[in-house]
1. Condition (residue is hydroxyl-bearing (Ser, Thr, Tyr), at pLDDT 75 or above and assigned by TED's automatic domain parsing to the domain that holds residue 230) applied to segment 138-150: is it met by at least one residue?
2. Quick check on my filter: what residues within segment 368-406 are aliphatic (A, V, I, L, M) and within 16 Å of residue 330 (Cα to Cα)?
3. Between a first residue in segment 437-448 that is assigned by TED's automatic domain parsing to the domain that holds residue 511 and farther than 18 Å from residue 460 by Cβ and a second residue that is of a type in the set (Phe, Trp, Tyr) and surrounded by fewer than 16 Cβ atoms within 10 Å (Cβ to Cβ), which pairs have beta carbons less than 7 Å apart while being 6 or more apart in sequence or on different chains?
4. Any idea which of (1) of a type outside the set (Asp, Glu); (2) buried (at least 17 other Cβ atoms within 10 Å of the Cβ); (3) assigned by TED's automatic domain parsing to the domain that holds residue 505 is the one residue 460 doesn't satisfy?
5. Among the numbered criteria (1) of a type outside the set (A, V, I, L, M); (2) surrounded by 11 or more Cβ atoms within 10 Å (Cβ to Cβ); (3) at pLDDT below 70, which one does residue 69 miss?
6. Can you name the condition, by its number, that residue 438 falls short on among (1) within 30 Å of residue 537 (Cβ to Cβ); (2) at pLDDT 75 or above?
7. If residue 363 passes every condition in (1) under 16 Å from residue 400 (Cα atoms); (2) at pLDDT 85 or above but one, which one does it miss?
8. When you look at residue 454, is it polar (S, T, N, Q), surrounded by fewer than 18 Cβ atoms within 10 Å (Cβ to Cβ) and either at pLDDT below 75 or within 60 Å of the chain's Cα centre (by Cα) (or both), yes or no?
Amino acid sequence: MTRETFLLIAVAYYLVTMVIVVVVLVLMNKRYKNTLTKEINALEREKNLIISSSILSELNKVEALVNNNELKKKYKNWQKRFENIRDKELPKITDDIIELQNDYNEKDYPKLKKGLAEVEMNINYIKTKADFLLDEIREITLSEERNRETIIKLKADYREIRNLYSNNESDFAIIKTPIELQFENVDKLFSAFEIAMDQNEYLEVGKIVKAIDDVIGNLKIVINETKTIVNLGSVLIPKRIEDISNIYHKMKLEGYNLDYLNIEYNIEEVNKKIQDIFSRLNVLNVVDSVFELKTIMDYFDSLYNDFDKEKLTKNLYEDFKRSILIKVTKLEKINNELYRKIDDIKYSYDLSDDEVLVISEIKDEFNNIRESYDHVVELERSKSLAYSRLYKEMEILNNKLTKSEEKLNVALRTLGSLKEDEIRARDQLDEIKDILSQAKERVRSYKLPVIPKNYYVELSEATLAINEMIKELDKRPISIKTLNLRVDTARDLVLKVYNTINETVKTAKMAETAIVYGNRYRVNNKEVDLGLTKAENSFYKGNFKNSLENAINAINVVEPGIHERLLEEYK
């Protein structure tokens, strides 16, 4: 390809690209203009649709119906509002649309976009006014058809109410006069409706229809609720009052205090409320009547639970009354006995006033419980409180008594342990003396060549400790803390003596056994003979441990493992 050909192709591509760009821009501009044009045309159509033939047609209908000053006044107002929309507001919108067209022709697109939004908003505002005006006018022009439909439904409801009343007239005897008066009123309202319709009194017709709807709605409620009201107010509640009254008076005779329930006052108030409900029923006012009567029934039903609660708590109160009296009497006896001995206990065991103060505190607590108990019993006898209250008071006393009983038990265990410690110390004294005797017998049973010096030192210390223990036991008062310390000291020292002599005798026996066993090798082995000689010397000097070691080491020369065999033989 030559250079000239390449340049021609490049120029061709460039020209084609430019043409495409230009075409695209032209098409986009055209599309944008078409969109603006469509928006302007759409606003024009919306403006033209605001004043439709419907408003004029409806206004003409109203003009034909005008037969009184009030309707005439409304007609003139509607006509004035229509003319204002048609002659003032719509021409202004027309001018605004012409202005938009000028902006379009001058290609002032920013101003055009802003104007489109404003005109659209103004058109919507005027359209809303026009629609509202049309709805107001149709309230009159369509009232006959609409009211006829409403009256037909109301007549159907009215017939249903009349039939229900006629078929069950005995159930409504209590409201016969007022309800039949209401039926007459409804009949008159229906007649007034027909007259108003014949005379084109459309404004009055609406009021009559609303009045008929209100009366029939109230009649429907009255018819539906009267039977329930009469049944509750005349039958069920009076029976419930009679039953509650019988139970109430019977329980009062049996000694129950039921004043807190205010039953007599509440029955009086209930009767007043029922009279009020029936008074309102006579004027066909049943608002909240069923609710109030059901609330009354719920109240009387709750009284049965209160009566059962009183019967139950009476039994529980009687149980507490017996058990508390028995327990407090028993505990007072124990505590008083302890209180009488408190001085002897303090003297015998060297106790401070603070350490025995709890006995006095418990005594005061029992006295308070006894006083409270007597007060509650007196309230019962005077019938001043209900058993539910008396039971709670006894429950509180029982809890207090339980706490005081626990405190007394702790005090008894504490003081009882002092005597137990003394008895245990005397028993341990005999045990300690017996162990010391065993230690001495152990020394006598095996004639040691030399008794170790530490034996006599430890024996002296143990004997002294036993004497101190005996002195503490003979003291009055006894200090249990000091006594326990003396017991522990004496026991430890005696066991030390016993263990010392036991270990010494055991070692001496093993040493003697080893020497006797090794004598068989003396003649044949000088090393064994020399070792056993050292062992014998140590034995007679009282160094039994060293004697045992020399003997074992000597025998081990000719008989390895002799140490284990000697231990086995000793065991």
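1. no
2. Listed by number, the residues that qualify are 369, 397, 401.
3. Close Cβ pairs (under 7 Å, with a partner that is of a type in the set (Phe, Trp, Tyr) and surrounded by fewer than 16 Cβ atoms within 10 Å (Cβ to Cβ)) do not exist here.
4. The one condition residue 460 does not meet is (2).
5. (2)
6. Against the list (1) within 30 Å of residue 537 (Cβ to Cβ); (2) at pLDDT 75 or above, residue 438 comes up short only on (1).
7. The one condition residue 363 does not meet is (2).
8. Answer is no for this residue.
The values are calculated or read from the model by the stated rules, or taken from the named source; none is laboratory data. These figures come from a predicted structure and were not determined experimentally. Every residue, glycine among them, receives a Cβ derived from its backbone with ideal geometry; neighbour counts consider all protein chains shown.
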